[in-house]
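The values are calculated or read from the model by the stated rules, or taken from the named source; none is laboratory data. All values derive from a computational prediction rather than experimental measurement. We place every Cβ from the backbone using ideal geometry, glycine too, and count neighbours over all the protein chains shown.
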Amino acid sequence: MHVLLLPFGSAGDVLPYVGLGRALRDRGHRVTVIVSEFFEQRVRGAGLGFAPLGSRQEYLDAFNNPHCGDEKASFAFFAGVVVPAMLRPTFKSIANLYEPGQTVVVACPLIFGARVAQEKLGVPLASIHLQPLMLRSSHAPPVIPALPRLRKIPRFIRPLTFRLLDAVLDRRLGPGINSFRAELGLAPIRRIMADWWNSPQRIIAMFPDWFAPPQPDWPPQTLMTTFPLYDAGDHQPMPPEAESFLAAGDPPLVFSTGSNVGDWPRFFAASMEACRMLGRRGILMTRFRDHVPPNRPDNVRHFDYLPYRRLLPQCAAMVHHGGIGTLSQAMAAGIPQLITPLGLDQPDNAARLEHLGVGRSLRPDEYTAEAAARVLGELIDRPTVLAQCRELASRLRATDPLSQACAAVERLAGADR
């Protein structure tokens, strides 16, 4: 079987597909990841096939665009720039590699060209949701930044709210998608991000049911697995200087940023001061060295990157943006978390973490040294929090993160024969 994997987003969104690809390869399948050239080294380094979808520079231009960090402007940028640029190349890439009876596509639902290929070419398709936010529900709605009062309105009104949202989304997305569909002889579609964007064959939700309990109005073709827990550094040794630092004292606090646009120099300065106030050692982790304060005490170190699976079990707590990949790695390590969510899925992820009793959140504008020290002190010193962290880590260790997803992909291939 030849599996075509099409992720969308930053490294935290792409790496789970690389982990799934490795698992499928180990089960004897051929795997090609279709993604930006920015990720080519990571894909090939994992022993997987690679096909480019956009250049490295196009990826950097998109993620450095100021609209990406603006909650209100980001969707307009996505709908007006990113979608039109990706639709045709995605469809063409799939069409060039597709062999009936031999090929299965696994894609992020935001890769709309994969859904068009399913309709036009008959390609077997599984949609992957890495975050609960992507599965809407009127029964237990996620925290949606664009609809901040959704959870407060009566349940019977929520479907109408979603329909109004769909009308707005369709006005943005519909012209580009339906124009391309017309070129292929396909009828126009509506409610793009309600019904159509998901594969009618299979949806794979890669998070556990205790993190996001399944809802009666989720699509019936949804299969829940668990967090993929794949880290690009799984096969890399810990740098000797990091090993020496970790062994030289008490477990440190870790402060990390993702690919989001944010005021990271202020974040790291406040984090370093929080370490001083708590009398704790700290690790500041970012590839952007100009974001890190130049004058650091000996008990606070900076590293460009450290493998989470080796680092986090040796730490006391983690502070980060709330991406699902980082959140799940810290949960598997059994440590408390402080989230500073910027937008997208991060507020919803933070709310679920707080509900489970293993973390807290502060808005970026609330994140000061005093606030961080206060919240981190409460998390680290509270026995009930630490016990719950250990319990959830134990649950994750008892699972095989990718076997269910692999089996679902294989069954989809069998349905095509």
Specify the residue that is modelled with the highest pLDDT; the eligible residues are those in the range 214-226 that are surrounded by 13 or more Cβ atoms within 10 Å (Cβ to Cβ), out of contact with any Ser or Thr (no Cβ under 8 Å at 6 or more places or on another chain) and in a loop (DSSP other than H, G, I, E, B). Pro219
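Quick one: is Pro239 touching a Cys at 6+ places or on another chain (Cβ under 7 Å), touching a residue at least 60 places away in the same chain (Cβ under 8 Å) and over 30 Å from Ser179 (Cα atoms)?
Details: touching a Cys at 6+ places or on another chain (Cβ under 7 Å): no; touching a residue at least 60 places away in the same chain (Cβ under 8 Å): yes; over 30 Å from Ser179 (Cα atoms): yes.
Spelling it out, it is not the case that Pro239 is touching a Cys at 6+ places or on another chain (Cβ under 7 Å), touching a residue at least 60 places away in the same chain (Cβ under 8 Å) and over 30 Å from Ser179 (Cα atoms).
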Condition met for Leu342 (farther than 20 Å from Pro252 by Cβ, surrounded by 19 or more Cβ atoms within 10 Å (Cβ to Cβ), in contact with a helix residue (DSSP H, G or I) (Cβ under 7 Å, 6 or more places away or on another chain) and not assigned by TED's automatic domain parsing to the domain that holds Phe8): yes
Go through the range 227-244 residue by residue and tally those that are assigned to a helix (DSSP H, G or I) and at pLDDT 80 or above. 5
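Go through Val375, Val409 for me and flag whichever is in contact with a Lys or Arg (Cβ under 9 Å, 6 or more places away or on another chain) and closer than 24 Å to Ala107 by Cα. Please lay out each step first, then the result.
Working: Val375 fails: closer than 24 Å to Ala107 by Cα.
Just a single option satisfies the conditions, and that option is Val409.
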One residue from Arg136, Arg88 being in the same structural domain as Asp217 (by TED's automatic domain parsing), basic (Lys, Arg) and more than 27 Å from Ala182 (Cα to Cα): Arg136
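In the set Pro251, Pro313, which member is in the same structural domain as Pro347 (by TED's automatic domain parsing), surrounded by fewer than 18 Cβ atoms within 10 Å (Cβ to Cβ), modelled with pLDDT of 95 or more and touching a Cys at 6+ places or on another chain (Cβ under 8 Å)?
Details: Pro313 fails: touching a Cys at 6+ places or on another chain (Cβ under 8 Å).
After ruling out the rest, the residue left standing is Pro251.
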What do you reckon, is Phe112 among the aromatic types (Phe, Trp, Tyr), under 27 Å from Met224 (Cα atoms) and surrounded by fewer than 16 Cβ atoms within 10 Å (Cβ to Cβ)? no
